[in-house]
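Q: The structure under discussion is supplied below as structure tokens; questions concerning it will follow.
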Amino acid sequence: MSAKHAQRRRHWLAMFGLLPLLQACSPLRLINAVVPDGSHTLLEGLAYGDQDRQQLDVYLPKPPVSGAPMAVFFYGGSWNSGNRADYKFVGEALASQGIVTVVADYRLSPEVRYPVFLQDSAQAVKRVLADANGWGVSPERIFLMGHSAGAYNAAMLALDPRWLGGAGVAREKIAGWIGLAGPYDFLPIKVPAVKEAFNWPGTPADSQPLFHAQRPDPAAPARTLLMAARKDELVNPERNTVGLAQALTARGQDVEVALLDGVGHASLIGAMAAPLRGLAPVLEQVRQFIEKRPS
């Protein structure tokens, strides 16, 4: 996209108030209102447990794709907010690229504390793995993905064997994982909501993805894509995204890193929506990563 085109798009977004909406981490209902419906079939409210928030939505590409990859997506919200319906734009974006996409709810603070949201996330993965073949998914092309707090969830499932293992899922079933603007190294905790979610100051060191990335573990998924806004003012990209990438690379993992201009912490994920894709090539890089075959 040319600089002139990008400037026009930003002007259009500013006129309709969408950039402030994204920067404030709003529910993104305005974006979802213009999400196309013809690209996918929605399987809504599939249960993976008996609690209200133990449900997920599945976006199947239309027309169906045989041997499709699958991405299990966890949203952010400081582990105390969020709803799967707010991320229709993510499900639609990935389904439009031929990727079966799962958007999962999980229980939140203050109802629960760490590590319950990780246990819920692992149970969601177990649930969709049981049905993946019927959705046309290739068992060798299953990925975890998340934004912000959800990227933390994905990271911990990928790097710490306790969570998928506790759900009876072998990590070898996960081909790779994608983290967007994730907090991977955030001790000591300073944000009040996060303190509550992680029982600070009693938060264990092994609650951090970086802790696990620094330990040799050949069972972890071999491929990782880490993306963040270069000027993320909420989650420091150098400490978290770059720091985790360096640790994984040092232990021989295949890691791709991208720090993007033109977006912030929230608009990074917003850029996956059809009206906002000109802000940054988030969807394109995720698609390329998922479609890349291991060498």
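Q: Residue by residue through region 37-59, note down the ones that are surrounded by 14 or more Cβ atoms within 10 Å (Cβ to Cβ) and either free of Cβ contacts under 8 Å to residues at least 40 places away in the same chain or of a type in the set (Gly, Ala, Ser) (or both).
A: Answer for region 37-59, where residues must be surrounded by 14 or more Cβ atoms within 10 Å (Cβ to Cβ) and either free of Cβ contacts under 8 Å to residues at least 40 places away in the same chain or of a type in the set (Gly, Ala, Ser) (or both): SER39, THR41, LEU43, GLY49.
Q: Could we say that SER138 is touching a strand residue (DSSP E or B) at 6+ places or on another chain (Cβ under 9 Å), hydroxyl-bearing (Ser, Thr, Tyr) and either assigned to a strand (DSSP E or B) or surrounded by fewer than 18 Cβ atoms within 10 Å (Cβ to Cβ) (or both) here?
A: yes
Q: Which ones in region 110-126 are over 15 Å from GLY146 (Cβ atoms) and touching a strand residue (DSSP E or B) at 6+ places or on another chain (Cβ under 7 Å)?
A: none
Q: Right, here's the next one. Which residues, taken from region 26-53, are out of contact with any strand residue (DSSP E or B) (no Cβ under 9 Å at 6 or more places or on another chain), of a type in the set (Gly, Ala, Ser) and at pLDDT 85 or above?
A: GLY38 - this is the single residue of region 26-53 that is out of contact with any strand residue (DSSP E or B) (no Cβ under 9 Å at 6 or more places or on another chain), of a type in the set (Gly, Ala, Ser) and at pLDDT 85 or above.
Q: Those residues that are surrounded by fewer than 21 Cβ atoms within 10 Å (Cβ to Cβ) and either assigned to a helix (DSSP H, G or I) or aromatic (Phe, Trp, Tyr) (or both), I need them from region 141-168; list them, please.
A: PRO161, ARG162, GLY165, GLY166
Q: Turning to a different aspect of this structure: Would you tally the residues in region 70-107 being outside any strand (DSSP E or B), over 19 Å from ARG29 (Cβ atoms) and out of contact with any Asp or Glu (no Cβ under 7 Å at 6 or more places or on another chain)?
A: 9
Q: Within region 244-290, how many residues are touching a residue at least 24 places away in the same chain (Cβ under 8 Å), under 17 Å from the mean Cα position of the chain (by Cα) and outside any loop (DSSP other than H, G, I, E, B)?
A: Count: 18.
Q: When the residues of region 198-231 are filtered to those that are assigned to a strand (DSSP E or B) and among the hydrophobic types (A, V, I, L, M, F, W, C), which remaining residue is surrounded by the fewest Cβ atoms within 10 Å (Cβ to Cβ)?
A: Looking at the filtered set, the residue picked out is LEU225.
Q: Still on this structure, please answer the following. Could you tell me how many of the residues in region 50-84 are at positive phi and of a type in the set (Ser, Thr, Tyr)?
A: Residues flagged as at positive phi and of a type in the set (Ser, Thr, Tyr) within region 50-84 amount to 1.
Q: A follow-up question, please. Could you list, in sequence order, all residues of region 169-184 that are surrounded by 15 or more Cβ atoms within 10 Å (Cβ to Cβ) and either aliphatic (A, V, I, L, M) or farther than 17 Å from LEU157 by Cβ (or both)?
A: VAL169, ILE174, ALA175, ILE178, LEU180, ALA181
Q: Next up: Scan region 232-242 residue by residue and report those that are assigned to a helix (DSSP H, G or I), touching a residue at least 24 places away in the same chain (Cβ under 8 Å) and within 18 Å of the chain's Cα centre (by Cα).
A: Once the filter is applied, which keeps residues that are assigned to a helix (DSSP H, G or I), touching a residue at least 24 places away in the same chain (Cβ under 8 Å) and within 18 Å of the chain's Cα centre (by Cα), region 232-242 yields ASN240, THR241.
Q: Quick one: TYR114 ticks every box in (1) over 20 Å from GLY49 (Cα atoms); (2) among the aromatic types (Phe, Trp, Tyr); (3) not in a helix (DSSP H, G or I) except a single one, so which number is it?
A: Of (1) over 20 Å from GLY49 (Cα atoms); (2) among the aromatic types (Phe, Trp, Tyr); (3) not in a helix (DSSP H, G or I), only one is false for TYR114: (1).
The values are calculated or read from the model by the stated rules, or taken from the named source; none is laboratory data. Just so it is clear, the model here is predicted, and its values are computed rather than measured. Quick reminder, even Gly has a Cβ in these numbers, built from the backbone with ideal geometry, and neighbours come from all protein chains shown.
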